[in-house]
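K.L.:
First, the structure itself, so that you have it in front of you.
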Amino acid sequence: MPVAPTAAERFIQGILPENPVYRQLLGLCPTLAVTNGLKAAMTMAGAVAFVLFCANIVTSVIRHLLKPHLRIVIFTLIIATFVTITDRFLAAYMYDMSKTLGPYIPLIIVNCIIICRCEVCASRQSIVTAGADALGQAGGFGLALASIAAVREILGTGLLFGVQILPATWPNWVVMILPPGAFMTLGLLLGAVNWIELRRSERADKKRG
Amino acid sequence: MHYLTDIILIALGAALINNFVLYYFVGICPFIGVSRRIDMALGMGFAVTFVISIAALLSWTITTFILAPGAPVSKWVAGFFVSPEAAAQVDLTILSYVVYIFAIASSVQFVEMYVRKFYPSLYRSFGVFLPLITTNCAILFACLIIFSRIVGVDNPADAWDIGRALTLAAFGGVGFTIAITIMAGIREELELCDIPKPLRGAGITLIVASVLAMAFMGFTGVDSGLRKVLAPAAVESAQSAEK
Amino acid sequence: MKPLTPMDPMARSTLERLKNNYIIQAWLVLMLALFFGASLAGVHLRLGPKIEENKANETRHRIPEIILGYPGAEEFAREGKSLAIKAHTISVEKQGREVFYGVYEARDLDGKLAGWVAKSAGQGYADKIELLIGFSPSAETITGIFILDQKETPGLGNKIITVDWRQQFANIRTIEPIEVTKTGAKDPRQIDAITGATISSRSVTQIVNVTVKDLRDPLAALAKKEKDN
């Protein structure tokens, strides 16, 4: 790009146009694993947001000291440290959530979103831009998780965040809480987002020509 | 005999019943990205199995001897600085995630160098996937399971030994290979189908994966049934109590 | 005549420059590693005790309701009373192997033994089931069970965690093993299986029976020893 995108642009890009799950197909492992319920999904989104934000800020601070061949090592070190801090924090203050999320919090270390943002954005941009980018991507990730978790939880248990939404006579579609439901929901929602995107670009093409 | 039963059940569990991709949702990115052709899928599967075994070996060794509370090496080193009672309480588990990810990254590097130097034909078939494997959730996940079976048990005598750890890792990789190869076979057939545009690529892969996951759910309970067959003595004494 | 090309005088210092470069970069990695290592150690010191407390409380908070039952535990809490809990490890020899059970001894504020709670685990339908079993002071009856961890089928085997199903285990005598029936429990030592989750129900019952068989005598002996003291 001839002119680097501003912080605000980075923030907005991250939420829908460059949504990490629906558009970039990154970070699918936690997306499928923790979207059983909205509460777990939001906790994971919060954890990823914290790690992404801190990692982006720290990377941006030391970006001038980074040399090509050691930068992945340094990114990994930063991310692993913040993930450990997040994991311990959850175990101390939200013990039940920590047990539900289980091994998926440490798996944030290998979550492609964070390494990708550090590499693409934080290591080249100022602190403010990097922070805005992190918040935007985290917002997009949270949005994706929330959409999938809402569908799965409502159809699978009739509850949303523990509150009864559907009438009690709803026969719980237990398959939605199980692995097949996860894959199916993500696949169909991805198809929906792609369809919206196709329509939007078709309309833009028609307007242009 | 008890040990062999355990190994068989862990292997079956990791490969089929609790399949890494279709039950635990790890390794999804290569599962969707690399499953277009069967030969690529097989190559990726072999690479993952290889690296996961080495990483499990490394992480078991490091956890048992350095990281776990009261581990031999850290106890010995700390013994130089503090009293023996305090040295026995040294607990380095806080560093486990950092150590694991570096162990995985370095094992991937070494495997790549080794294979490129000594097995060039092998490198041509699956070496190109090796750098991608560092961010493969499956490897770190296997290390985390091993960690929880060493450090997370109430009774130190139940902590996993190297055999169980390697079995879990290797057969987890085998399960990943099975899942990705089946998916590749299906996708090769799907190329001839007329898939709606929004669903092409990742969308249809995920929907097929959901059907695959449903199929693999049929394996639930196989291990508890096998346990009854393979270890009848222990179960009999409990069942006679049940009658 | 071919002109002499002098040897490049920069070669040596380029090498040195490269070496210096690596050292500088390694320096950055080492500094970061030390800094992060120190912060992780700080986090461990600060949060470690809280996490241990959480882990222990997970079991301890359940003990009143397992021993006294829900209404009893609620009344207990309302009256502001609490149980003093002490942890023991009982080892039982089975088929040449030693098996360890974690057992909690609960005394009320007068020092009287209120009951025992044993932690046990076993194979369920899908994965391991961990549970707590409450015993009366003399280990002659089961006072209740609580499922700590399970991965049974949601909607079916999952129902083993519901209070209604677990209530069946209260006040069963330990002298005989418990039976699972599908057709409606008639005997005091029978319990109903969950419809559609026979194997999960049987697994839990089996774990309870095995634990009861192992711990009945040691607990009774411990209770007698306490009484004699």
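The values are calculated or read from the model by the stated rules, or taken from the named source; none is laboratory data. Here the structure is a predicted model, which means the values were calculated and not measured. No Cβ is skipped: glycine too gets one built from the backbone with ideal geometry, and neighbour counts run over all protein chains shown. The protein model used for the area step is the full one, side chains on, heavy atoms only, and it has no ligands, DNA or RNA in it. Shrake-Rupley method; radii C 1.70, N 1.55, O 1.52, S 1.80 Å.
K.L.:
Being in a helix (DSSP H, G or I), open to solvent by 60 Å² or more (accessible area, probe 1.4 Å) and at pLDDT below 85 is the filter here; which residues of the range C:39-94 pass it?
P.N.:
Listed by number, the residues that qualify are C:K55, C:R60, C:L68, C:Y70, C:P71, C:E74, C:E75, C:A77, C:R78.
K.L.:
Given the conditions (1) touching a residue at least 40 places away in the same chain (Cβ under 8 Å); (2) more than 20 Å from the chain's Cα centre (by Cα), which single one is not true for C:L32?
P.N.:
Going through the list (1) touching a residue at least 40 places away in the same chain (Cβ under 8 Å); (2) more than 20 Å from the chain's Cα centre (by Cα), C:L32 breaks only (1).
K.L.:
On to the next question. Between a residue in the range B:198-226 that is on the phi > 0 side of the Ramachandran plot and any residue that is open to solvent by 30 Å² or more (accessible area, probe 1.4 Å), which pairs come within a Cβ distance under 9 Å, given they are 6 or more apart or on different chains?
P.N.:
So the pair list comes out as B:G201/A:L25; B:G201/A:N194; B:G221/C:Y125; B:G221/C:I199.
Here is a yes/no grid of residues against (1) open to solvent by less than 10 Å² (accessible area, probe 1.4 Å); (2) outside any loop (DSSP other than H, G, I, E, B); (3) within 10 Å of another protein chain (Cβ to nearest Cβ):
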{"site": "A:L32", "(1), (2), (3)": "yes, yes, yes"}
{"site": "A:T43", "(1), (2), (3)": "no, yes, no"}
{"site": "A:V48", "(1), (2), (3)": "yes, yes, no"}
{"site": "A:T59", "(1), (2), (3)": "yes, yes, no"}
{"site": "A:T76", "(1), (2), (3)": "no, yes, yes"}
{"site": "A:K99", "(1), (2), (3)": "no, yes, yes"}
{"site": "A:T129", "(1), (2), (3)": "no, yes, no"}
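K.L.:
Can you find even one residue in the range A:17-30 that is part of a helix (DSSP H, G or I), open to solvent by less than 10 Å² (accessible area, probe 1.4 Å) and closer than 23 Å to B:A138 by Cα?
P.N.:
There is at least one residue in the range A:17-30 that is part of a helix (DSSP H, G or I), open to solvent by less than 10 Å² (accessible area, probe 1.4 Å) and closer than 23 Å to B:A138 by Cα.
K.L.:
What number of residues in the range A:143-156 are in contact (Cβ under 8 Å) with a residue 60 or more places away in the chain and either outside any helix (DSSP H, G or I) or open to solvent by 10 Å² or more (accessible area, probe 1.4 Å) (or both)?
P.N.:
4
K.L.:
Do the conditions hold for C:N158, that is, is it under 23 Å from A:W173 (Cβ atoms) and out of contact with any Cys (no Cβ under 8 Å at 6 or more places or on another chain)?
P.N.:
Working: under 23 Å from A:W173 (Cβ atoms): yes; out of contact with any Cys (no Cβ under 8 Å at 6 or more places or on another chain): yes.
It is true that C:N158 is under 23 Å from A:W173 (Cβ atoms) and out of contact with any Cys (no Cβ under 8 Å at 6 or more places or on another chain).
K.L.:
Where in the range C:123-214 are there strands (runs of 3 or more DSSP E), lying wholly inside it, with at least 2 residues that are within 22 Å of C:V99 (Cα to Cα), modelled with pLDDT of 85 or more and more than 10 Å from chain B (Cβ to nearest Cβ)? Outline the logic, then answer.
P.N.:
Working: elements: C:128-135, C:141-149, C:179-181, C:190-192.
The strands (runs of 3 or more DSSP E) meeting that bar are C:128-135, C:141-149.
K.L.:
Please determine, by comparing only the residues of the range A:110-125 that are in contact with a Lys or Arg (Cβ under 9 Å, 6 or more places away or on another chain) and open to solvent by less than 10 Å² (accessible area, probe 1.4 Å), which one is nearest to the other protein chains (Cβ to nearest Cβ).
P.N.:
The extreme case among them is A:C118.
K.L.:
From C:I194, C:I160, C:I207, which residue is in contact with an Asp or Glu (Cβ under 7 Å, 6 or more places away or on another chain) and either more than 26 Å from C:I90 (Cβ to Cβ) or not aromatic (F, W, Y) (or both)?
P.N.:
C:I160
K.L.:
Right, another one. Of (1) at pLDDT below 90; (2) touching a Leu at 6+ places or on another chain (Cβ under 9 Å); (3) within 11 Å of chain C (Cβ to nearest Cβ), A:L90 satisfies all except one. Which?
P.N.:
(1)
K.L.:
Let me ask something additional. Since A:R200 meets every condition but one in (1) over 19 Å from A:A146 (Cβ atoms); (2) more than 7 Å from every other protein chain (Cβ to nearest Cβ); (3) open to solvent by less than 60 Å² (accessible area, probe 1.4 Å), which condition does it not meet?
P.N.:
It fails just one condition, (3).
K.L.:
Now a separate question. If I go through the range C:102-118 residue by residue, how many of them are touching an Asp or Glu at 6+ places or on another chain (Cβ under 7 Å) and either within 14 Å of chain B (Cβ to nearest Cβ) or within 18 Å of C:V204 (Cα to Cα) (or both)?
P.N.:
1
K.L.:
Follow-up. Determine, yes or no, whether C:A170 is closer than 27 Å to B:V229 by Cβ, out of contact with any Phe, Trp or Tyr (no Cβ under 8 Å at 6 or more places or on another chain) and of a type outside the set (V, I, T).
P.N.:
Numbers: closer than 27 Å to B:V229 by Cβ: no; out of contact with any Phe, Trp or Tyr (no Cβ under 8 Å at 6 or more places or on another chain): yes; of a type outside the set (V, I, T): yes.
When the stated conditions are applied, C:A170 does not pass them.
K.L.:
Find all pairs meeting these conditions: Cβ atoms under 6 angstrom apart; at least six residues apart or on different chains; first residue within the range A:112-133 and touching a residue at least 24 places away in the same chain (Cβ under 8 Å); second residue among the basic types (K, R).
P.N.:
Within 6 Å, the pairs are A:S123/A:R63; A:T129/A:R10; A:A132/A:R10; A:D133/A:R10.
Residues are listed down the side, and each one gets a yes or a no for (1) over 27 Å from C:V99 (Cβ atoms); (2) surrounded by fewer than 18 Cβ atoms within 10 Å (Cβ to Cβ); (3) free of Cβ contacts under 8 Å to residues at least 24 places away in the same chain:
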site	(1), (2), (3)
B:A157	no, yes, yes
B:W160	no, no, no
B:G163	no, yes, no
B:F176	yes, no, no
B:A184	yes, no, no
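K.L.:
Could you please let me know if B:L168 is over 15 Å from B:L57 (Cβ atoms), in contact (Cβ under 8 Å) with a residue 12 or more places away in the chain and of a type in the set (A, V, I, L, M)?
P.N.:
For B:L168, the condition - over 15 Å from B:L57 (Cβ atoms), in contact (Cβ under 8 Å) with a residue 12 or more places away in the chain and of a type in the set (A, V, I, L, M) - is not met.
K.L.:
Same structure again: Within the range B:1-69, considering only helices (runs of 4 or more DSSP H) that don't extend past its boundaries, which have at least 3 residues that are more than 23 Å from B:D223 (Cβ to Cβ) and open to solvent by 10 Å² or more (accessible area, probe 1.4 Å)?
P.N.:
It comes to B:28-33, B:38-62.
K.L.:
Restricting attention to helices (runs of 4 or more DSSP H) lying wholly within the range B:145-243, give those where 1 or more residues are at pLDDT below 80 and within 14 Å of another protein chain (Cβ to nearest Cβ). Spell out the reasoning first.
P.N.:
On the way: elements: B:162-190, B:202-217, B:222-230, B:232-242.
Here the list reads B:222-230, B:232-242.
K.L.:
Now a separate question. Quick one: which residue in B:T49, B:T61, B:T93 is of a type outside the set (K, R) and out of contact with any helix residue (DSSP H, G or I) (no Cβ under 7 Å at 6 or more places or on another chain)? Step through it out loud before you land on a result.
P.N.:
On the way: B:T49 fails: out of contact with any helix residue (DSSP H, G or I) (no Cβ under 7 Å at 6 or more places or on another chain); B:T93 fails: out of contact with any helix residue (DSSP H, G or I) (no Cβ under 7 Å at 6 or more places or on another chain).
So the residue among B:T49, B:T61, B:T93 that is of a type outside the set (K, R) and out of contact with any helix residue (DSSP H, G or I) (no Cβ under 7 Å at 6 or more places or on another chain) is B:T61.
K.L.:
What about A:A55, is it within 14 Å of A:A146 (Cα to Cα) and open to solvent by less than 20 Å² (accessible area, probe 1.4 Å)? Let's see the steps before the verdict.
P.N.:
On the way: within 14 Å of A:A146 (Cα to Cα): no; open to solvent by less than 20 Å² (accessible area, probe 1.4 Å): yes.
Taking the combined requirement at face value, the residue does not satisfy it.
K.L.:
Next up: Find the residue count for the range A:167-191, including only residues that are farther than 17 Å from A:G37 by Cα and touching a Pro at 6+ places or on another chain (Cβ under 7 Å).
P.N.:
Total meeting the criteria: 1.
K.L.:
Do you know which residues across the range B:70-99 are part of a loop (DSSP other than H, G, I, E, B) and either in contact with a Cys (Cβ under 6 Å, 6 or more places away or on another chain) or more than 20 Å from C:A38 (Cβ to Cβ) (or both)?
P.N.:
B:G70, B:A71, B:G79, B:F80, B:S83, B:A88
K.L.:
While we're looking at this one, here's another question. Within the range A:164-193, which residues are part of a helix (DSSP H, G or I) and in contact (Cβ under 8 Å) with a residue 40 or more places away in the chain? Lay out the reasoning, then the answer.
P.N.:
So in the range A:164-193, the residues part of a helix (DSSP H, G or I) come out as A:174-176, A:179-193.
Within the range A:164-193, A:P179, A:A182, A:F183, A:T185, A:L186, A:L189, A:L190, A:V193 meet the criteria.
K.L.:
Could you tell me whether A:L107 is in a helix (DSSP H, G or I), open to solvent by 40 Å² or more (accessible area, probe 1.4 Å), modelled with pLDDT of 90 or more and closer than 30 Å to A:I79 by Cα?
P.N.:
no
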